[in-house]
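Visitor: Take this structure, written in structure tokens, and hold onto it; I'll ask about it next.
What follows is calculated from the coordinates using simple rules that are stated; it is not laboratory data. These numbers come from a predicted model, not from an experiment. Every residue, glycine among them, receives a Cβ derived from its backbone with ideal geometry; neighbour counts consider all protein chains shown.
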Amino acid sequence: MDNNEEAYQTPFSVTLDSVLIKTSRYFTAFQIAPIVSELSIYEHLDKPYLTASMVVADVDAKFDAASEINILGTERVEVEYSVSSAANGKVKKNFIVSEVSRQAKDVSGNEVMFIEMIEDHAYRSSLMRVSKSYRDTRRNIIDKLILTTGRRIRSHDEMLDHDDKITRVLVPNMTPLQAANWVKDSMTTEDGYPFYMYSTIADDVIRLYDLKTMLELQPLNKALNSRAGLDAHFTFSQFHDFADDTRSDSRATILNMLTITKLNVVQDQRQLHLARQGMTRSKYNFFDVTTGKNTKVDFSMAKVFSDLETKGLLKDNSNFSVPQLSPTYDQTVRLDEDNILTNNYEGDEYMTREITQFSTSRQFNDYYDTRSYSEARTAQQHENKIKSTALRHWLLKSSMDIVCGGKFFVHTNRNHTIGNKISVVVKSSRNFEASTDFNQTIDLNKSGEYLVYSAKHTISGNQSYKVELTLAKLGGLTSGASI
């Protein structure tokens, strides 16, 4: 075993190499890594920046951090930590203090500070104001806004081919990141899939990807499996044990990295809640105040999920021997012998909302060549806006939180967290004999492929590194027969 690798033998192994606080008020920087008792970094698909928090236990008798640094909410914090001795096993991120949320001091003089931080480009964006007109494709407008913060955008190559016409927008007194998110929210693919713009721990690039592209990805652990000759999934069992982790057994190392130590499901399967918001069946009126034309759209989530199945976007590649993959949308439920969520997309049964939106067209002299922010020229373009919003909500209907060791999720310049898919196996709570087929021992409701929606990286005491993931999906495994 490499001597340099001895400190990183488990999926939770970590070294907090540096937490350096810098401020222009002083000529020196402050190294506080020895007194940081906990550091958390947060990634989220809906945020083009990272946030972080740390607990500083000011117990060093030779250094009074609270009074010597005198944190005012403008200090730069450079964080470095490692999960292996390899170059790609190190994370380096730059934050700026946004607030000291709490301080506590005991009678012995020891003090604890709770410090909140935000990624440096987001802090810079918060101090800027954009109030100007843009005429370009929405992707290029986002590029220009992001560049003012010192970052750049990365997107899927196929995005350059999607229907992104020349648009005129007047940014109404927003910060650059707010404006970029606002423009992004008006974008859909030609099929109506929403876009997400997010930042990761892997690098300093802001990613702009659509949901369809994400759903078509292979699970991260599949690539790892192919290199090791395994068919391993992220696995949770109430009887789980870590494999004998030795460097001579790479398979044991991988199995340990894919072990789920905690699982939690909250606010699950809220179909009635989504129905009340008009996310199942609803009528929309888009009234163009310029031409007086009213475009009517009857929205059906059943139609959206039927399209997802037709295009294979609900396909699960986990290799489980089950009859079918069931959408998270139930269009078969009946009440008083009536089909609530009818397959008849043109019907009026149980339309939960009727929503009217006022829009404008032909706002500019060059309206033949350009369109405004909310302008849609066909009923399909209006329907795409509804579909995009609905998919954002339905993606989290059957979400699940898991906790794993952090090692798997660190790879410099290669994103291993949000926006990717992973394959999960949750063992059933029933008792089975050793000869029972594997597919009969798993909890089908919670197993399968998931999209990583958010991640919380937590380093505790410079020795334990865990990652809490929020996982989302639009379809789940089932052993039930088709209806």
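Visitor: Please work out how much length the chain gains when fully extended from K132 to H393, using 0.36 nm per residue of separation minus the C-alpha to C-alpha distance, in nm with one decimal.
Guide: Using 0.36 nm per residue and subtracting the Cα-Cα distance, I get 90.8 nm.
Visitor: Given the Cα-Cα distance of R152 and D268 and 0.36 nm per residue of separation, how much length would full extension add, in nm?
Guide: Going from the current span to full extension adds 38.2 nm.
Visitor: Sticking with this structure for a sec: What lysines sit close enough to K296 to cross-link, taking a C-alpha to C-alpha distance under 25 Å and skipping anything fewer than 8 places away on the same chain?
Guide: Correct list for K296: K165, K184, K283, K385, K387.
Visitor: Among 49-55, 354-360, what's the highest-first ranking by average C-beta atoms within 10 angstrom per residue?
Guide: For the peptides 49-55, 354-360, the packing ranking is 49-55, 354-360.
Visitor: Which value, in debye to the nearest 20, gives the size of the charge dipole of the range 133-212 about its Cα centre, when Lys and Arg are +1 and Asp and Glu are -1 at the Cβ?
Guide: My answer is approximately 400 debye.
Visitor: Once both labels are modelled 7 Å past Cα along the beta-carbon direction, what's the R276-T356 spacing in nm?
Guide: So the label points at R276 and T356 sit 2.4 nm apart.
Visitor: Could you compute the FRET efficiency for S306 and E99, with r as their C-beta to C-beta distance and R0 at 45 Å, rounded to 0.05?
Guide: 0.40
Visitor: For F364, F30, which order do you get if you count the other beta carbons within 10 Å of each Cβ and list the fewest first?
Guide: In increasing order of surrounding Cβ atoms, one gets F364, F30.
Visitor: Report the Stokes-Einstein translational diffusion coefficient (µm² s⁻¹, integer) for the range 133-212, Rh taken as the Kirkwood radius over Cα pairs, at 37 °C with viscosity 0.692 mPa s.
Guide: Estimated via Stokes-Einstein, D reaches 255 µm²/s.
Visitor: Antiparallel DSSP bridges in the range 133-212: what percent, to the nearest 5?
Guide: That works out to approximately 75 percent antiparallel.
Visitor: Sticking with this one: Please compute the modelled spin-label separation between N413 and Q463, points set 7 Å along Cα→Cβ, answer in nm with one decimal.
Guide: Between Q463 and N413, the simple spin-label model gives 3.4 nm.
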